[in-house]
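Read the structure below first, then the notes.
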Amino acid sequence: MESTLEYIWQRLPLILLFASGYMVYRVLVVSDLTGALVRAVLRRSGGGLMRMLLYIMSMAAFLSFFMPNTVAVLALLPIVRALERDLGGVTSGVAARPPIWLTTALMLALIYGANIGGMGSLIGSPANLMLIGWLDVFEVAGREQVTYGSWFIWSIPLVTVFGACAWGMIVLFGLPRHAIWRDDYVAVIPPREPLDRAQRVATVLSVLFTLFWICESAARGRMQQHHSALSFAALFFTVLFLGACFVWRSVGYGARRRPLLRLRDLVADVPRRGLFFVAAFVAIIVAVRLLALDSFAVGRVEGLFSPEMKPLLLYLVLVLAVIILTEVFSNTLVSATFFPTVYVLAESAELSPLEPMLAVSLASTCAFMTPIATPCNALAYGEMRGVSLRRMMLLGLALNLIGAVLISTWLRLIIPLVYS
């Protein structure tokens with residue numbers, strides 16, 4: 001294993017990619033490009049509730065491909081709350097509180113899309129970043145094939161199928177019949193407006209950001225002996241990107257021209273109530289870690305596994321165990337504790353550790369029952385007032401079971417075709 005500095009330099013592109021995702025979020029928010037996207041989606045959906053839920057999920061998943069999924073929730077929360085007020089006032093009056101089922105359905109669409117989308121990208125979830133670190137620690141064979149670009153090959157079909165199941169779950173069991181078959185809840189469709197200068201600049205920066213990192217990922221897969229050059233390129237691009245955001249006077253006219261982002265924009269309009277729940281999420285992590293409850297729980301779960309188990313059954317039991325523990329202890333702790341355990345388990349079963357460790361990463365993001373399972377859940381639950389926790393838990397339980405079957409199938413049949 002290389003020295004610490006050599007390892008950091010080798011993995012610098014991934015670190016920069018994950019860190020700069022927040023800047024893309026602020027670019028989208030400050031320019032209101034996300035709002036423009038949602039308005040375009042509303043026009044396309046016709047304002048219908050079922051299609052709108054599908055589009056909210058799709059946008060959350062899409063943004064999670066290019067930034068951490070918690071950041072994607074931050075970007076979409078103001079828009080989802082505006083839709084809640086708009087739809088809630090259609091039949092009950094603008095001043096009335098929206099019905100509980102409507103608030104719950106909108107929140108579930110947001111967290112389902114963000115969590116499922118977090119599986120779809122190497123930077124979509126912190127668990128994916130930890131996966132890369134543990135693969136390097138154990139020097140797992142085939143880890144060099146796990147790149148930003150190769151991840152999309154198998155993840156996009158998984159996210160598509162999983163997202164369709166999640167949307168169907170909300171529509172069939174999260175909405176009352178009158179909201180499905182009647183047009184009582186139809187949002188006001190905004191008129192078409194051209195993008196302003198800030199939105200055009202934000203579009204260019206976002207596209208360049210995406211294209212660069214996809215190209216860097218493809219190059220990394222073909223240039224295994226040139227990691228240093230790729231690290232230089234990633235550092236150079238990040239400096240240029242930050243300069244375009246904070247230095248280049250790209251918006252405004254004449255003497256009022258200014259950069260797209262200013263330092264105060266980094267924390268402007270951040271939802272305080274949602275962050276309070278995220279702080280509670282962090283406090284739970286600290287308490288669980290200090291009491292070593294995560295290690296205790298993982299130790300009890302180890303007895304479920306046997307080296308004689310068929311791979312598909314092993315993946316199914318593993319994914320279910322990670323999901324259940326994640327609902328109680330948070331995905332960050334569970335994934336960090338499970339990675340070394342799963343490596344040893346795979347070695348004893350004479351399996352490649354890559355797929356079981358991928359199972360931990362994916363399953364720890366697939367947790368939809370409780371507000372403390374992931375930062376996405378905590379943030380959205382804290383900010384969307386009046387959510388039915390009972391309905392969240394029941395629908396989340398069903399979706400967790402569907403996710404366990406889907407992820408296990410992908411691990412056994414699809415992913416080995418990509419990471420041979």
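What does the extension gain come out to for F232 and L417, with contour length at 0.36 nm per residue minus their alpha carbon separation?
Full-extension gain reported as 63.5 nm.
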Using θ = phi - 60° and Karplus 6.51 cos²θ - 1.76 cosθ + 1.60, couplings along region 137-153 (whole Hz; Gly, Pro as x): 4, 8, 6, 5, 4, x, 5, 5, 7, 7, 10, 4, x, 5, 4, 5, 4
Taking amide H positions as placed 1.01 Å from N in the peptide plane, with prolines and chain starts having none, which residues 5 or more places from V251, or on another chain, fall under 5 Å of its amide H? R258, L260
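Full-extension gain between R264 and V286, please, as 0.36 nm times their residue separation minus the C-alpha to C-alpha distance.
Details: separation 22, 0.36 × 22 = 7.92 nm, distance 2.95 nm.
Between R264 and V286, full extension yields an extra 5.0 nm.
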With R₀ set to 25 angstrom, the calculated FRET efficiency between the beta-carbons of R11 and L208, to the nearest 0.05, is 0.65
Note, ³J(HN,Hα) from phi for region 341-353, Karplus 6.51, -1.76, 1.60, rounded to Hz, x at Gly and Pro: 4, 5, 4, 5, 4, 5, 4, 5, 8, 6, 10, 5, x
Sort 65-76, 407-418 by packing, meaning the average of other beta carbons within 10 Å per residue, with the highest value first. 65-76, 407-418
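Which of rounded, prolate, oblate describes region 93-146, given a ≥ b ≥ c as roots of the alpha-carbon gyration tensor eigenvalues and a/c under 1.5 marking rounded, otherwise prolate only if a/b is larger than b/c? Let's see the in-between values first.
Details: a/c = 5.97, a/b = 4.81, b/c = 1.24.
Note, shape of region 93-146 comes out prolate.
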Kindly put E144, E355, E308 in sequence by how many other C-beta atoms sit within 10 Å of each C-beta, fewest to most. E308, E144, E355
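Kindly identify region 310-420 as rounded, prolate or oblate by the Cα gyration tensor criterion: order the square roots of the eigenvalues as a ≥ b ≥ c, call it rounded if a/c is under 1.5, otherwise compare a/b with b/c, prolate if a/b is larger, else oblate.
On the way: a/c = 2.61, a/b = 2.00, b/c = 1.31.
Prolate, because a/c is 1.5 or more and a/b exceeds b/c.
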When M384, M107, M23 are ordered from fewest to most other Cβ atoms inside 10 Å of their Cβ, what list results? M23, M384, M107
Once you have the Cα-Cα distance between W248 and R43, take 0.36 nm times their residue separation minus that, and quote the gain in nm to one decimal. 70.5 nm
Quick one: order F18, F162, F246, F236 by neighbouring beta-carbon count within 10 Å, fewest to most. F236, F246, F18, F162
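FYI, it's all coordinate maths here, none of it is from the lab. Just so we're clear, the structure is a prediction, and the values are computed from it rather than from any experiment. When we count neighbours, we look across all protein chains shown, and the Cβ atoms used for this are built from the backbone with ideal geometry, even at glycine.
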